[in-house]
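Just below is one structure, and these are the notes that go with it.
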There are 2 protein chains.
Amino acid sequence: MSILVVGSVALDSIQTPFGKVKDALGGSATYFSAASRLYDQVNLVGVVGTDFPQQHVQSFRDWGVNLDGLQVAEGKTFRWSGRYNYDMNTAETLDTQLNVFATFHPELPESYKESEFVFLANIDPVLQLEILSQMHRPKLTVLDTMNYWINYRKDALTKVISAVDIVLLNEAETRQYGNTFSLIRAARKILSLGPKALVVKKGEYGAVLFSNGGELTDSFFFAPAYPLEKIQDPTGAGDSFAGGFLGYLASRSSTAMDDIKRAIVHGSVVASYTVEDFSVGRLGSLTRDHIQKRYLDFKRFTNFEPTCPWSEGCPHLANHDTGTESH
Amino acid sequence: MSILVVGSVALDSIQTPFGKVKDALGGSATYFSAASRLYDQVNLVGVVGTDFPQQHVQSFRDWGVNLDGLQVAEGKTFRWSGRYNYDMNTAETLDTQLNVFATFHPELPESYKESEFVFLANIDPVLQLEILSQMHRPKLTVLDTMNYWINYRKDALTKVISAVDIVLLNEAETRQYGNTFSLIRAARKILSLGPKALVVKKGEYGAVLFSNGGELTDSFFFAPAYPLEKIQDPTGAGDSFAGGFLGYLASRSSTAMDDIKRAIVHGSVVASYTVEDFSVGRLGSLTRDHIQKRYLDFKRFTNFEPTCPWSEGCPHLANHDTGTESH
């Protein structure tokens, strides 16, 4: 299998209570690639300016990312500047300079069109639709977006949502798109447009899966965030979550619901490393060994074996420990 | 086993976006009892006024709750009035009339002193200490409190925290007591006082367990909130959570960490029913059958079987499906 990602490659300047960086490697396609390369071949589509440092190009090469689809345009690279306060769930944008990204028009190298797993990172939904139209029968398509496009491109965004298999949004975006405070009702609205699943990223509160068809509780799934004493920089958590999520599915070549659940755990594992350092400092040097270790931690965090607390027994738990020995 | 609870029995007047009630049965000891009676014998300690309706006394009797420790004092019953907006995580208190609760002084009937599982619901920590001093070697003691006591009785509260086995707090109280935005650092501070475990209730974001000793991730456990399309009234969610939590442990006569994890799931199950109606409308009529059904739902919501996404195998997942058949 291989994975296609289209999104931003950026130079980020970030302040958090624990430090700051200037013109560090960032962007949605960057974080996604730095995560998903641990699972499978990644084909990147994006644009940088002529000022983009060669060392960053080398980082992508070290990760084995295919850069045939990375355009180098005359001008400066997209720059984003943001700040987090102690509540690290929300960034305050200080400055956005689109630069070469303002006129970006994605073009897929012929070889990319066979990629079976596709991640449409947060860019103009009109461009996301263009990408989809160029692909040859992808096996799974996943979409991310942001509040800006919900406000100013809702019609195009609704078309992309209807066209993809899985939608990844954060909690505020889900409520905003659904125009309701109830996350569940917002999820229903999004799923009614056609995608088979919606994954809502809740930052420090974990991630949750809603899926189409049947009772809501039939396929509901939840993974908490990994408990971290110190978060350096939350930037890229969502995009690297997507990288672990889609990376896992691509490596298994699976779109089964049980694998989508495990993919949420992989996304959560990857994101937990991302936020431990600025930029791709931690994420970029991760190994599969790191992933495995925290993946097993997640199993301990949530899994339990049912027991029956009542001496008369538990018909609904018939195949489980009846617990009667402790009475 | 039997369970002792000391706390308020109240008449609540509540408004939510979905309706309102006036002088409905409420109070921390009420919600706790209505939940824990599904698991074991409950001995209640509290006070009501001479105006307390006989029908509410009958509700307790129907639940099989022992009322030998319920004082009836000259005067009016404790009344609380509150309002919730669409964000149902936080109540706005409109009015509090302590009435007979202002001079309440708990006295334990002799037979109560042998109760092995003790819940000190949210009352003045000075009274909580008095209760503890009257008990004969309880097997497990659990404490709840609120922001008021953290502000105005911190020394006494710290003494109770040091004396009990398990502390149950909501997220804001945990941060407030720990005087830090980091939930994990706040949890460490509380655990450093002696309790073996801290359970943080996060409302719609579920509940989390921190425990003493070893690495934080050794015993971390998480249960999400049950996904509900409609919440009528969140009042009593925390106290009924405590009822399911302690009820389960009492019924198993266990204080083992694996049972504490399952107890968190039971607490979450019970609380999910509580909020589906005003007062004890739903909770009061629950059966063990209801508990079992959602308990199994919770297993599906979070449990997953590890698989290995890489063809070279996963040494850390050695005993699990290597997943190589799908490559």
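Side notes on the structure shown:
- Subset of region B:189-226 [away from every other protein chain (no Cβ under 13 Å), farther than 25 Å from B:Tyr273 by Cβ and β-branched (Val, Ile, Thr)]: B:Ile190
- Within region B:249-268, if we keep just the residues that are more than 8 Å from every other protein chain (Cβ to nearest Cβ) and out of contact with any Asp or Glu (no Cβ under 8 Å at 6 or more places or on another chain), the residue that is surrounded by the most Cβ atoms within 10 Å (Cβ to Cβ) turns out to be B:Ala263.
- Test result for B:Ala237, closer than 26 Å to B:Leu4 by Cβ and within 13 Å of another protein chain (Cβ to nearest Cβ): no
- Within this structure, A:Asn66 passes the test of being under 30 Å from A:Leu249 (Cα atoms), polar (S, T, N, Q) and surrounded by 19 or more Cβ atoms within 10 Å (Cβ to Cβ).
- A:Glu116 being of a type outside the set (A, V, I, L, M, F, W, C) and at pLDDT 95 or above: yes
- Residues in region A:269-292 that are within 12 Å of chain B (Cβ to nearest Cβ), touching a helix residue (DSSP H, G or I) at 6+ places or on another chain (Cβ under 6 Å) and without any contact (Cβ under 8 Å) to a residue 24 or more places away in the chain: A:Gln292 alone.
The values are calculated or read from the model by the stated rules, or taken from the named source; none is laboratory data. The structure displayed is predicted, hence computed values, not measured ones. Here Cβ is always computed from backbone atoms with ideal geometry, including for glycine, and neighbour counts include all displayed protein chains.
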